[in-house]
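The values are calculated or read from the model by the stated rules, or taken from the named source; none is laboratory data. Please read these numbers as outputs of a predicted model, since none were measured by experiment. Here the Cβ positions follow ideal geometry from the backbone for every residue, glycine too, while neighbour counts run over all protein chains shown.
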Amino acid sequence: MTDAALSLRPASPYAHEVERRRTFAIISHPDAGKTTLTEKLLMFGGAIQLAGQVKAKGERRRTRSDWMAIERERGISVVTSVMTFEYRNCVFNLLDTPGHEDFSEDTYRTLTAVDSAVMVIDAAKGIEERTKKLFEVCRLRDIPIVTFVNKMDRESRDPFEILDEIEQTLALDVAPLTWPIGGGRDFAGTFELKSGRIRLVDGGDDFAGEGLGALKGLVSEHRLATVTEELELAQGALKAFDLTSFREGHLTPVLFGSALRNFGVRDLLDALADLAPAPQGLDSDKRPVEPDEPRMTAFVFKVQANMDPNHRDRIAFVRICSGKLTRGMKVKQTRTQKMIGVHAPQFFFAQDRALAEEAYAGDVVGIPNHGALRIGDTLTEGEDISFLGVPSFAPEILRRVRLEDAMKAKKLKSALQELAEEGVVQVFRPLDGSPALVGVVGALQLDVLTGRLLAEYGLEVGFEQSQYSIARWVTAPTKQALDEFVAANRSGLAEDLDGDPVLLAGSAFQMSRAKDRWEKIEFTDVKDVR
Ligand code: G4P
């Protein structure tokens, strides 16, 4: 929004609440330190007392849900969740992204709900494959990124080399906010470039002084000379931080630290509080929606079942886009035009949930429901709009589900429907009436499906190759053109969860032949769920 537009609008009663929200995710390669950093961030926010609670290390959390056993076996996190905490009068909503690439779809959806991201890099390894992929997803929406170079307390690469790699590999300008004093066993602390303040690893939260002179007597002469030289070089050769460039996603501020030693974490939180954007306006199909508008709008970016087996509930994770959500409010689900009572919206903390009495733009609340809410749904106070851009991706793997007990076909059908609504798998029902196919982006999703069908529905299944390997959504400029295409291709067509047509093909050759023959038809591998 322009300044002129701002001044024309009456001051919003919610502007202050919006301004202090920071909704972000952490992107990293497995093992870079995301979990450790999350723990430390939550500690600063007072959300947890003891580090070590976030990762499912204790048995209690591990047994919370049967299908989390997969997570345990594979040693990865397959559950996306949100954690809310306060620091310096800011409300932080940290959205957890699953670490495994098989869940890129889930991750993508989560990233549609954040305003910024923290990229954690292992100082010894630099930009790793998974980080790069996640970064590319962020770039699609130009999400501003703060970089945290972690594990400085271990043998690490030269800081120039790390910065250069970020710049080269990601085509992203870098501007260090802090500079490391030594590395590995000699990692003594950091120098804040703007203020010249020095923070020492063993110095607690206080600054040790201003200017490199403050280091005299604290580090060796040799170390001091090296840092002085590095800083001269850095200040001459590297870009200074530029807020606009950062907010536009072209430049990343960089901080050095050690999550394990709890060093640099406060600097990171300060950077998020000071520099990261508050919730931004969002496009809907009819008009842009500004976060401080008085009317509540929101969208569902994730649906998760059975977070707690004692409740067997289904939680829709909803990002508020404008206005204020209050407990007990009635909201309109614009896809179905139904009014839904929001009786028990929840905030999530490290281990706990609490009823959300009110929530503002940027907040993420969980809404328990029995399957009415779906990914991509827009909720409003009555206005008929839909937010854009919570996509579905064409599956890379298509399989038929083989049921051990054929008598349970009906149960399987409804189980698949429910799991598809949660976004665990996609389900395609062929128009010729043959059994449904499941589609996944990554093979691990099939394991999750098997595990959940057994644990939650008592269904034993296996998977069979299908004659199809490619699925593409089909759209046409007119209904007539679409009907013609459907009539001529019934045998290779299926419907997705929403009843939208999908062309199934056995090979790339077959798909490209269809494209050649049906020029007016568009075949897409991404569908915006509305
Ligand atoms: P992830 O969620 O990104 O996969 O990483 P996680 O935090 O689990 O960290 C991976 C490993 O790296 C852990 O060690 C963790 O203790 C260590 N680590 C994280 N941050 C730092 C750091 O700043 N410095 C050092 N030296 N190590 C760090 P682990 O031995 O695999 O697990 P654990 O038994 O210690 O939990």
Test result for A278, in a loop (DSSP other than H, G, I, E, B) and buried (at least 17 other Cβ atoms within 10 Å of the Cβ): yes
Count - residues of the stretch 8-26 that are β-branched (V, I, T) and either more than 10 Å from the ligand (Cβ to nearest atom) or at positive phi (or both): 2
Given the conditions (1) in a strand (DSSP E or B); (2) touching a residue at least 24 places away in the same chain (Cβ under 8 Å); (3) surrounded by fewer than 16 Cβ atoms within 10 Å (Cβ to Cβ), every one holds for Q417 apart from (1)
Show me the strands (runs of 3 or more DSSP E) entirely contained within the stretch 82-199 in which 2 or more residues are among the small types (G, A, S) and buried (at least 20 other Cβ atoms within 10 Å of the Cβ). 116-122
What residue, among those in the stretch 227-249 that are polar (S, T, N, Q) and without any contact (Cβ under 8 Å) to a residue 40 or more places away in the chain, is farthest from M119 (Cα to Cα)? T228
What are the residues in the stretch 140-158 that are more than 15 Å from the ligand (Cβ to nearest atom) and either within 14 Å of S28 (Cα to Cα) or in contact with an Asp or Glu (Cβ under 7 Å, 6 or more places away or on another chain) (or both), if any? D142, I145, V146
Six or more apart or on different chains, Cβ under 9 Å: which pairs go from a residue in the stretch 152-170 that's free of Cβ contacts under 8 Å to residues at least 40 places away in the same chain to one that's in a loop (DSSP other than H, G, I, E, B) and hydroxyl-bearing (S, T, Y)? Could you list them? none
Confirm whether L37 is at pLDDT 85 or above, in contact with a strand residue (DSSP E or B) (Cβ under 9 Å, 6 or more places away or on another chain) and within 16 Å of the ligand (Cβ to nearest atom). yes
Within the stretch 250-259, is there a residue that is more than 16 Å from the ligand (Cβ to nearest atom), free of Cβ contacts under 8 Å to residues at least 60 places away in the same chain and not aliphatic (A, V, I, L, M)? no
Keeping to the stretch 202-227, report how many residues are buried (at least 16 other Cβ atoms within 10 Å of the Cβ) and part of a helix (DSSP H, G or I). 5
Just one of (1) at pLDDT 95 or above; (2) out of contact with any Asp or Glu (no Cβ under 6 Å at 6 or more places or on another chain); (3) not assigned by the TED database to the domain that holds G376 trips up K338, so point out which. (3)
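Output the residue which, of all residues in the stretch 330-349 that are in a loop (DSSP other than H, G, I, E, B) and under 27 Å from the mean Cα position of the chain (by Cα), is farthest from L42 (Cα to Cα).
T336
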Take K479 and tell me if it is farther than 26 Å from V390 by Cβ and among the basic types (K, R). no
Can you name the number of the only condition in (1) in contact with a helix residue (DSSP H, G or I) (Cβ under 6 Å, 6 or more places away or on another chain); (2) within 19 Å of E105 (Cβ to Cβ) that L431 fails? (2)
Give F485, F463 a once-over and let me know the one that is surrounded by 19 or more Cβ atoms within 10 Å (Cβ to Cβ), aromatic (F, W, Y) and either in the same structural domain as P435 (by the TED database) or out of contact with any Pro (no Cβ under 6 Å at 6 or more places or on another chain) (or both). F485
Of everything in the stretch 372-407, what is polar (S, T, N, Q) and not in a loop (DSSP other than H, G, I, E, B)? Give them in sequence order. T378, T380, S392
Do any residues in the stretch 20-36 that are over 19 Å from D270 (Cβ atoms) have Cβ atoms under 8 Å from those of residues that are modelled with pLDDT under 95 and charged (D, E, K, R), where the two are at least six apart or on different chains, and which pairs are they? S28/K34; S28/R130; H29/E128; H29/E129; H29/R130; P30/R130; A32/E128; T35/K55
